[in-house]
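Here is the structure we will look at, set down as C-alpha cells.
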Protein chains: 2
Amino acid sequence: MKRNLLLTPGPTQVPPQLCAALGRPIIHHRTPLFQQYLKEATEGLQYVLQTKNDVYLMASSGTGAMEASVCSLLSPGDRAITVEGGKFGERWTELCQAYGINAEVVKVEWGKAVTADTIKGLLDKDKSIKAVFVTQSETSTGVTTDIAALGKVVAATNAVLVVDAVSGLGVEDLQTDNWAVDVVASASHKGLMLPPGVGFVSVSKKAQALMEKSTCPKYYFDLRKYKKAAGKTDTPFTPAIGIVIALVESLKMVKEAGLENLLQHYKRLAVATREAAKALGLALYADPACISNNLTAIRIPDGVDGGKVVKIMRDTHGISIAGGQGDLKGKIIRIAHMGCLDEYDILAGISCLEKTLKELGHKFTLGAGVAAAQKSLNP
Amino acid sequence: MKRNLLLTPGPTQVPPQLCAALGRPIIHHRTPLFQQYLKEATEGLQYVLQTKNDVYLMASSGTGAMEASVCSLLSPGDRAITVEGGKFGERWTELCQAYGINAEVVKVEWGKAVTADTIKGLLDKDKSIKAVFVTQSETSTGVTTDIAALGKVVAATNAVLVVDAVSGLGVEDLQTDNWAVDVVASASHKGLMLPPGVGFVSVSKKAQALMEKSTCPKYYFDLRKYKKAAGKTDTPFTPAIGIVIALVESLKMVKEAGLENLLQHYKRLAVATREAAKALGLALYADPACISNNLTAIRIPDGVDGGKVVKIMRDTHGISIAGGQGDLKGKIIRIAHMGCLDEYDILAGISCLEKTLKELGHKFTLGAGVAAAQKSLNP
C-alpha cells in the first residue's frame, strides 16, 4: 500500500485516465486518424501556450526542443544573450557554445531573477544580438522570471525572445502572444501530466524568418522540416505516437479545468507549501519577489543532510521530492507542485517531510507544517 | 468489431501486455528503481544486438539514433561512404550532408543490395574514408543487405561500419560482434513491439575512439554525453521513462521466445507472404537474392492503384499495410512481418488483400493467396 507520489519537477504524476490512454492500441502515424490527433494536440498546445503561432511536436525530451530552438534560429558566430540563474539557464549557454554561437552570458545570482533593465541595457549596447534565451521557471532554484517584462524589451528590437517553459507550462502564466514571446520550448512531462518523450516549440513569424537564414548543421532538430510537415498536418520523422495521443486527452483535461483555474490552483498549492516550510522553521531559497508557483526550494538547516531527506522520503515513505543540484546539493530540497496534484497531495508531502525531519533531529513542533498548509488552503 | 491490424513497417503491433506496461504509473528517472530498468533494458538490447558493446538509449525516433551516429563519429570534411538503395539509405546521405561530411554516395538500383566488393573497391581506393553507412533492411524496397560480408571488408580498414537496423532489429539476424559492426542504430517501434519514442545505438571501441575526435556541433545527440552517463547507469537527458520500462518487458518476451526462434518465425511469415503474392499473380519487387524477411514489397499490376489498395484495406477493413514511396508510389504495396504478429495475422492480411484486389478488378482465383500461404506455413 506504499504511495508512489511524485512531487518532483518532472516527471510529474500521470493520472489514471492518461495511463489508460498511454496503453491504447497503437495506430500508424501516416493516417487521417493520427492527423486528427496531431491537429487536436497542436490546437490544445496553442491554448495552453496562449498563442496563434505554429507549434511543432518532436519525439524528444525538453532539451531537444531547446536545442531545436538554438540550432534552427541562429548561425555560427551569431550574437545572443543567455540568462544563467540556475542549471537550466546554463543549458542555454551550453547549447549556444555547442553550435559556435557567441553568447553573452548574464549571470544572475541563484535564487534571483534577471531584470528587464539588464536585458535592455545589453540589447541597447549591441544591436547585433539576434536572440535572448531565458528560463521561465528555473526549477533548480524555484525562481520564475518576469517574461512579460522581457517580452516588451525584446519586442522593440530585432532580436527574438526564446523561453524555456519546460517546467512552467500550464503551471505559471505564459501569455506567448500578449507578451511577444517568439519561441517557447516545452515538453510533455511536467504541467501536461504525461511521461517524457514529446518536446514541442511554438514559433512566431519573426522567429520563422530567422529559421530561413540559419546555417547551423542540423537534421532531426531542423524546425524548417517541422514547419513544412506541419503544413500537411504531419511530422518530418516518426512521432512518439502513443504520447501524442495521450497528449490530446491531457489537453482536454486542461481545457475542461480551464487554464486560469489551473494557474490559480498551483498558486494556492505553492503558497501553502511556503507557509508550511516557514512554520517548520525552514527558510525559502528563492527571493520572494520572483518565487515560483511550480516549485518551492527550501533551505535545509545546518546539520541536516538534504540528500538524506529526499532519500528517506522516497525509499521509506514512497514520496518523491528533489534535492539540490550543483553547489546546492544537500543544502536545499525542492517540492514541485505541478501536474496532476491536489491539496491533499501537498499535505501528504508536508506530513512526510515533518516525519523525516523529526527522524533526522530537526527541532520543530510536529504538526506545525500541515496546520499552516491547512490554514493557507482554507483561509 | 473492426480489426486494427498493423502490417506496416513501423509502428508495429503493441501486444496487450506491453500496452499494460505503457500504462503503469510513472516513476522518477533519477532513482535506483529506474536505474535497474535502464540496466535491464541495456542488457536486453545487447542480447538482441548480439553484442558486448555499449548501448546508449535516447528519447527520439530512429532518425535521432542515426543522426547521433553521424554527428558523434565524424567531423566536417571527413570522408564517408553512404549506400543508397532506397529511402532510408538516402537519409544517411542527407545526414552526412547536413554536417558537411564528404559522402561518397553508392547508388544501388532499388530492389537490389550493395555488394561487399563495391565497398571494398571504394575503401581500397580512398584510405581516408572514416565510416561506411548502410541500411540493413531497406523497408522502402524490401531488401536486406548482407552485413556480415560488409563487416569483413570494413573491419580490415580504419573505417567503421555503421548500420541502420531500425527496421531489421529482432527480425533479421544481426550479429553485431561476430560481424564486426561498429555502430548499430535502432529504435523501439519495429521488431521490439513498442510505440516510437526510444532510439538507441550500440558503439564499438573502434567507434568510441572516433567519438573523442569528432568536432561536429551537437548536444542532445552527443554520444560522449551518453557514454559518460551510461557509466553511472544514467542518461544525460530525461529519458522516455514509460517506454524504457515497457522495453524491459518487451525484451523479456524476446528472450523468452529466443532470438533464433523469432528470426525463424519471421522468415516463415515472409516466405508465406511471398508465396501468397505469387499465387495471386503478383510479382515481388526485391531481387530474390537479397529479399528481406521483415517486409515484402509486391508489385501492383498496371491498371490497379497501389494507393487505393492501401486505403481500402485500412479504411474499410482495418488492416494497415504500406504503399510505395518516391517513384514507387502507387506501384507497389509493402506488407511488413515484424513485431508482434503470428501466422494468422499474415493470413488475415492476405485475405484482405485478395478481397481488395477483387474489388479493384484484378483477375485471379479467389482463395489462391491464402491457400498458398497456408501451404507454405504448414509444409
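Quick notes on this one:
- The modelled label-to-label distance for the pair A:Lys87/A:Tyr47, using points 7 Å beyond Cα in the direction of Cβ, is 3.3 nm.
- Cα-based helix-to-principal-axis angle, A:32-49 vs chain A, degrees rounded to 10: 60 degrees
- Footprinting exposure proxy for B:His28, B:His337 (fewest neighbouring C-beta atoms within 10 Å first): B:His28, B:His337
- In sequence order, segment B:11-19 has phi-based couplings of x, 10, 4, 9, x, x, 5, 7, 4 Hz under the Karplus curve 6.51 cos²θ - 1.76 cosθ + 1.60, θ = phi - 60°, and Gly or Pro positions carry x.
- GNM result for chain B, Cα springs below 10 Å: residue of B:Asp182, B:Asp124, B:Asp222 fluctuating most strongly: B:Asp124
- Within the same chain, aspartates and glutamates fewer than 8 places from B:Lys228 are excluded, and of the rest, those with a Cα less than 16 Å from its Cα are B:Asp54, B:Glu212.
- Most fluctuating residue given options B:Ala103, B:Ala165, B:Ala209, as computed from a GNM of chain B linking Cα atoms under 10 Å: B:Ala209
- For chain B, calculated [θ]222 nm from helices alone, where every DSSP H run of n ≥ 4 adds -39500 (n - 2.57): -13000 deg cm²/dmol
- When the Cα convex hull of the protein assembly as shown is projected onto planes of every orientation, the mean area is 32.0 nm².
- Distances between copies at B:Gly326, taken between label points 7 Å from Cα along the C-beta direction, are 4.7 nm in increasing order.
- Each other residue within a Cβ distance under 15 Å of A:Asp117 adds +1 if Lys or Arg and -1 if Asp or Glu, for a net charge of +2.
- P(r) histogram, all alpha-carbon pairs of segment B:243-379 included - 10 Å bins from 0, percent: 12, 41, 31, 13, 2
- Nearest-to-axis residue of chain B, judged by beta-carbon position, where the axis maps B onto A, in Å: B:Gly23, 2
- Added length on full extension, which subtracts the Cα-Cα distance from 0.36 nm per residue, B:Asp126 to B:Gln35: 28.4 nm
- Ascending list, in nanometres, of distances separating the A:Asp177 label from those of the other copies (7 Å, Cα toward Cβ): 5.8
- Cα-projected label distance for B:Asp146 with A:Thr215, points at 7 Å along beta-carbon direction, nm: 4.5 nm
- At q = 0.07, 0.12, 0.17 Å⁻¹ the log10 of I(q)/I(0) for segment A:17-256 amounts to -0.21, -0.62, -1.21, computed by Debye summation with a single uniform scatterer per C-alpha, solvent ignored.
- Shape category assigned to segment A:1-90 from the gyration tensor of Cα positions, a/c cut at 1.5: oblate
- Using a 7 Å Cα-to-Cβ projection, B:Thr118 label spacings across copies, nm, ascending: 5.8
- Amide proton proximity set for A:Leu295, modelled H, under 5 Å, gap of 5+: A:His337
- Each Lys and Arg contributes +1 and each Asp and Glu -1, all at the Cβ; summed about the Cα centre of segment B:17-256, the dipole is approximately 700 debye.
- Computed from backbone phi, the HN-Hα couplings of segment A:210-216 come to 5, 3, 5, 9, 5, 10, 4 Hz, rounded to whole numbers (Karplus: 6.51 cos²θ - 1.76 cosθ + 1.60, θ = phi - 60°; Gly and Pro given as x).
- C-alpha long axis of helix B:343-359 to longest principal axis of chain B, angle in °: 50 degrees
- For segment A:73-140 versus segment A:337-353, the gap between their alpha-carbon centres in whole angstrom: 33 Å
- Full-extension gain in nm, A:Lys311 to A:Ala156, via 0.36 nm per residue minus C-alpha separation: 51.0 nm
- Rounded to 5, the percent of DSSP beta bridges in segment A:146-294 classed as antiparallel: 55 percent
- Long-range HN-HN contacts of B:Val160 with modeled amide H, under 5 Å: B:Ala131, B:Val132
- Only lysines eight or more places from B:Lys375 in sequence, or on another chain, were considered; those with a Cα closer than 26 Å are B:Lys267, B:Lys278, B:Lys355, B:Lys358, B:Lys363.
- Cα centroid of segment B:144-221 to Cα centroid of segment A:245-294, whole Å: 44 Å
- Between the residues A:Val114, A:Gly64, A:Ile81, the greatest Cα displacement towards the positive end of the dipole of chain A, with unit charges on the Cβ of Lys, Arg, Asp and Glu, is found for A:Gly64.
- Distance between the pseudo-spin-label points of A:Glu256 and B:Lys107 (7 Å out from Cα toward the beta carbon): 5.6 nm.
- Candidate lysines for bridging to A:Lys227, where Cα separation is under 18 Å - those fewer than 8 sequence places away on the same chain excluded: A:Lys39, A:Lys52, A:Lys205, A:Lys206, A:Lys213, A:Lys218
- HN-Hα J in Hz across segment A:233-240 - Karplus 6.51, -1.76, 1.60, θ = phi - 60°, x for Gly and Pro: 6, 9, 10, x, 10, 3, x, 6
- Cα long-axis angle, helix A:241-257 against chain A (0 to 90 degrees, to the nearest 10): 70 degrees
All of the numbers you see were taken from the coordinates with simple rules; none came from a lab. From a predicted model like this one, the values you see are computed outputs, not experimental measurements. All Cβ positions, even for glycine, are placed from backbone atoms using ideal geometry, and neighbour counts span all protein chains on display.
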